[in-house]
Amino acid sequence: MRILLFSLQIAALFSGLAFSQSSEAAFTFDPLKCHTPDPEGKAYVALRDTVFHISIDQLSILHDPVLRDGETLSLPPDPSEPLGCKGNPLSQQSLLFSRNFNGKLGDRPDWPKAWPLRKFQLFSSTPSHWGLHLDERHDKMCENRLKQTDLVPNMTACLYEKNPARPDRYDVEEAGSWLIDPEVYSAPFNKRLAIFCMFAISGGTDCEVGYKIFPTVNLSYEFSPKELPLTEVIDFDKHLRSELEQAVVKDYPWKKSPPN
């Protein structure tokens, strides 16, 4: 039942989004101003060449894409359309999803009170940039620590040593690195999926997952294992990835850049 509810929450994420404001410039999208108004009121938002077709209640511009020397963005097929319309996607460097995903749902008795992720962000990336490399950090963690395979099914853990002098901070079970058995579940592009958990200032642990989900998009999310147990991460990540894949516009018709 809990995994089903997580799946419903993720679906709701893409029916009502809000972005953390880090810029004074605010973006307002009116679907009726598009040449062909979207029947669902959804907007088109791009992270480099990857275009998401999503519904938004409020979108604050984080900042424009950060480009490398000599790099240019793909050209929209119809720049005469307002930003966010199908012919002119709004390009961003990252999308930071807030926690207030439940606002449009009203009082539903089957809905959990809290979204399990403390932070969820998508980053514009290049195909050669793989993001956090948590699988490599796992290898480093395991160089001088015992590999434990009997703590969570289908995961290998290399954990920090407990400090009897600081039980308030170090006596937590999850602190360290966890690698999912790649024969059971992995990140896209045949990459291993690792979870890195650090001691939280307020007690317990904060865990992080990060990987490349599309050629030009990297993903990162953070959670407390009290809200999202490690035993449920695989199923949660499957549902999250599925919703993101459904939100992507396949073969978006970018215009070819003119030759230099």
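Miscellaneous remarks
- Just one of the listed residues (SER7, SER55, SER15) is under 17 Å from the mean Cα position of the chain (by Cα), assigned to a strand (DSSP E or B) and modelled with pLDDT under 90, namely SER55.
- Among all positions in the range 78-93, there is at least one residue which is at pLDDT 85 or above, hydroxyl-bearing (Ser, Thr, Tyr), within 18 Å of ASP251 (Cα to Cα) and surrounded by 17 or more Cβ atoms within 10 Å (Cβ to Cβ).
- Selection within the range 65-77 - of a type outside the set (A, V, I, L, M, F, W, C) and either exposed (fewer than 13 other Cβ atoms within 10 Å of the Cβ) or out of contact with any Asp or Glu (no Cβ under 8 Å at 6 or more places or on another chain) (or both): PRO65, ARG68, ASP69, GLY70, GLU71, THR72, PRO76, PRO77
- Tabulated pairs, the range 196-224, first farther than 25 Å from ASP49 by Cα and free of Cβ contacts under 8 Å to residues at least 40 places away in the same chain, second among the basic types (Lys, Arg) and assigned to a strand (DSSP E or B), C-beta under 8 angstrom, 6+ apart or interchain: none
- Check on ALA46, surrounded by 13 or more Cβ atoms within 10 Å (Cβ to Cβ), aliphatic (A, V, I, L, M), touching a Ser or Thr at 6+ places or on another chain (Cβ under 7 Å) and modelled with pLDDT of 60 or more: yes
- LEU193 modelled with pLDDT under 90 and crowded, with 18+ Cβ neighbours inside 10 Å: no
- Strands (runs of 3 or more DSSP E) (entirely within the range 170-260) containing at least 2 residues that are touching a helix residue (DSSP H, G or I) at 6+ places or on another chain (Cβ under 7 Å): 176-180, 194-199, 205-214
- Pair list, Cβ under 6 Å, 6 or more apart: the range 231-252 residue farther than 20 Å from ASN88 by Cα, other residue surrounded by fewer than 18 Cβ atoms within 10 Å (Cβ to Cβ) and β-branched (Val, Ile, Thr): ASP235/ILE3
The values are calculated or read from the model by the stated rules, or taken from the named source; none is laboratory data. As the structure is a prediction and not an experimental result, all values here were calculated from the model. Cβ sites come from the backbone with ideal geometry, for glycine too, and all protein chains shown count toward neighbours.
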